[in-house]
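Let me begin by presenting the structure, written as structure tokens, before commenting on it.
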Amino acid sequence: MDSLFRYLLITFLLPWVINSEQLSKYTDGLAPISKPDYKWTKKLEEGPWKKSYNFQMFSHRDTLWVFHPDGNWFSIDGRDWKKSTLPNVISNLAFLDYIQFNDTILGLGHFTGNIERYTLRPEIYQTQDLKHWNRIAGQSNLPRRFFYHPFVFQHKIWLIGGENSQTQFADIWNSPDGVHWQNVKDNLPFGKRSGSQIVTLRNKLYLLNNDVWSSEDGVNWKLETPEIAKGIQIFGYAAVVLDGQIWLLGCNRNGQFSSQVLISSDGRNWREQNAPWSPRGGIAACVHRGKIYMTGGKYGGQDIRHPDFDYSNDVWTLERKLRVKNTAK
């Protein structure tokens, strides 16, 4: 294989179509690949949506979507955005989430109010055309709780823990359609918790709070580490998977917002990477075309130096840089 063609193949084409674990079989016997590094790039100083936090970003059918309290926007490249006719139907996105499932997007429940006084309805919405919602259930047995992040695993939607105004939960539920829910297991070993981030890496689930637990079936769980960052309580981050690694973006550390990113390939061992964007938590992030995209978040409210919150709507990307070592003599 011509050396120039190999270089172009490895550097520009393969990262878009395969992940880092697959890359080795294509480069076996070729020039050694150095450890990949990454760069952050600001795509937009301000997105078209209002500065806010605790909303969502998806890559859906090769299009980027921002699901925001004020509506939904879409983009092919993360730079040029259009507002969709699709409204926000679940209302308070700080309490409930949308979820991608079977090439559609579902809205699980409808929440208005705040943690002290609220209305929570177990309505289920679905969109296939990303223009209109269909209410596929006015009443479902969706657990009456909030502050959980649903995820897809083994062709079902799952949820772990969460809370209501009285208590947190330590159970797990799943559903084949978002409407009919089954309690799979109670009294999970990690105990009551809410706000957990759950990702899938190499067909294994990772449940992330300040600690990390893993499961191959969603029912039986193993502790990977009691602390992601030793001696530091972290929370409020978004978790995504890129290149066979878990990335935690927008960590709050002991009550202080940060821009450092935490990265792990196994859930046990974590390393830190600095990021050029401002400290924040509650960001929206996803992986799109081999890059991490992120926007939103809030900063402040920590002490007398920052008594008020600052909100964001800038758009950033993280992409991989591959360097091929020339070993020819």
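The numbers here are math on the coordinates, done by the rules we state, and not lab data. Treat the numbers as computed from the prediction; the structure is a model and nothing was measured. So basically every Cβ, Gly included, is an ideal-geometry build from the backbone, and we count neighbours across all protein chains shown.
Details
- Across the range 243-249, rounded Karplus estimates of 3J(HN,Hα) from the backbone phi angles (6.51 cos²θ - 1.76 cosθ + 1.60, θ = phi - 60°) give 6, x, 9, 8, 10, 10, 10 Hz, Gly and Pro being marked x.
- For the range 192-299, trypsin sites (Lys or Arg not before Pro) meeting the loop criterion (DSSP other than H, G, I, E, B) and having at most 16 other Cβ atoms within 10 Å: K192, R202, K230, R268, R289.
- Taking D217, D103, D266 and counting other C-beta atoms within 10 Å, the order from fewest to most: D103, D217, D266
- Helical contribution to [θ] at 222 nm, DSSP H n ≥ 4, -39,500 (n - 2.57), averaged over the chain, rounded to 500: -1000 deg cm²/dmol
- A cut-off of 5 Å between modelled amide H atoms, ignoring neighbours fewer than 5 places along the same chain, links E123 with G109, H110.
- Cut-off under 5 Å, modelled amide H: who pairs with D310 long-range: Y299, G300
- Residue-by-residue Karplus 3J(HN,Hα) for the range 97-112, coefficients 6.51, -1.76, 1.60, Hz, glycine and proline x: 10, 8, 9, 7, 7, 6, 6, 10, 10, 10, x, 9, x, 9, 10, 10
- Panel order for C251, C286, by other beta carbons found within 10 Å of each beta carbon, from fewest to most: C286, C251.
- Sites matching trypsin sites (Lys or Arg not before Pro) across the range 132-166 that sit in DSSP coil, with at most 13 neighbouring C-beta atoms within 10 Å: R144
- Pairs of lysines in the range 123-268 whose Cα atoms sit within less than 30 Å of one another amount to 13, provided the residues are eight or more positions apart or on different chains.
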